[in-house]
Amino acid sequence: MTGIVLSGGECRRMGMDKAFLKVDGVPMITHVIRALRIVADQIIIVTNSPAAYAAYDDAVVVADALARRGPLTGIYSGLLSSRDEYNFIVACDMPYLNPQLIAYMSGLAAGYDIVAPKIKGLVEPLHAIYSRRLLPMIEDRIQRGMQRIQDIYSEARVRFVTEEDIDRFDPARRSFKNLNTPQEYKEATCLDLECRN
């Protein structure tokens, strides 16, 4: 399995490249890659600023393969560069990944196009496993102007991971905590009482 990190967002809400914001003194993307190394044979970073990721020389760094940018293009670009059938795709701002949960999801992938967690009726599309078989479908959606990841779910063979299964590995569900805004980042990184007030 390959681990694919999407780091190509415009970061409007954070105001800067959030991949390099530090959590526990370490850039968020480093946390993500450390977790992926436990379960993935190869790591791919999808970004439109490849020079910024030169320090991650043990990962394959690729830019968007299509002109139309968006989350589906990021997924497409990562899958296109992967050598594996199954790929765990995650956002760069999710520093609390649980390798045991990812490994469990990988074990469910045979016979499916997507394995994705579903919590309170909502799918976690950027903490999910995608098959390279989806490439033609994804390209078709992008060429038709679609960029919502959910646009491919209706025609794909999807195995949803239940809340009960998730809680066996990550009862606090921290795996799905992403730090999109300055407030979310502050809440995640503030440890002293003065900061909490």
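Values as computed for the structure displayed
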| quantity | calculated |
| --- | --- |
| Qualifying positions in the range 171-181 - surrounded by 17 or more Cβ atoms within 10 Å (Cβ to Cβ) and modelled with pLDDT of 85 or more | ARG173, SER175, PHE176 |
| Any hit, the range 109-120, residues being under 23 Å from ARG83 (Cα atoms), β-branched (Val, Ile, Thr) and at pLDDT 95 or above | yes |
| Residues of the range 60-97 satisfying the condition of being surrounded by fewer than 20 Cβ atoms within 10 Å (Cβ to Cβ), in contact with a helix residue (DSSP H, G or I) (Cβ under 8 Å, 6 or more places away or on another chain) and either at positive phi or in a loop (DSSP other than H, G, I, E, B) (or both) | ALA63, ASP64, ALA65, LEU66, ARG68, GLY70, ASP84, GLU85, TYR96 |
| Positions within the range 117-155 being under 25 Å from TYR96 (Cβ atoms) and more than 17 Å from the chain's Cα centre (by Cα), in sequence order | LYS120, GLY121 |
| Subset of the range 98-122 that is part of a strand (DSSP E or B) and not basic (Lys, Arg) - its residue that is surrounded by the most Cβ atoms within 10 Å (Cβ to Cβ) | VAL115 |
| Total residues in the range 4-29, condition over 11 Å from ALA91 (Cα atoms) and either part of a loop (DSSP other than H, G, I, E, B) or at pLDDT 95 or above (or both) | 11 |
| ASP84 at pLDDT 95 or above, over 27 Å from ARG173 (Cα atoms) and charged (D, E, K, R) | yes |
| Of the criteria (1) closer than 25 Å to PHE169 by Cα; (2) touching a residue at least 60 places away in the same chain (Cβ under 8 Å), which one LEU79 fails | (1) |
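A quick yes/no check of all residues on (1) farther than 27 Å from ARG141 by Cβ; (2) under 12 Å from the mean Cα position of the chain (by Cα); (3) in contact (Cβ under 8 Å) with a residue 24 or more places away in the chain:
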position: HIS31; (1), (2), (3): yes, no, yes
position: LEU66; (1), (2), (3): no, no, yes
position: ASP84; (1), (2), (3): no, no, yes
position: ASN87; (1), (2), (3): no, yes, yes
position: ALA91; (1), (2), (3): no, yes, yes
position: GLN100; (1), (2), (3): yes, no, yes
position: ALA109; (1), (2), (3): no, no, yes
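Residues checked against (1) assigned to a loop (DSSP other than H, G, I, E, B); (2) touching a residue at least 40 places away in the same chain (Cβ under 8 Å):
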| position | (1), (2) |
| --- | --- |
| ALA128 | no, yes |
| ARG133 | no, yes |
| GLU139 | no, yes |
| GLN150 | no, no |
| SER154 | yes, no |
| ASP167 | no, no |
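Rundown of residues vs (1) of a type in the set (A, V, I, L, M); (2) under 19 Å from VAL5 (Cα atoms); (3) surrounded by fewer than 16 Cβ atoms within 10 Å (Cβ to Cβ), yes/no style:
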site	(1), (2), (3)
GLU124	no, yes, no
ILE138	yes, yes, no
ARG148	no, yes, yes
VAL158	yes, no, no
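The values are calculated or read from the model by the stated rules, or taken from the named source; none is laboratory data. Since the model is a prediction, treat every value here as computed from it, not as a measurement. When we count neighbours, we look across all protein chains shown, and the Cβ atoms used for this are built from the backbone with ideal geometry, even at glycine.
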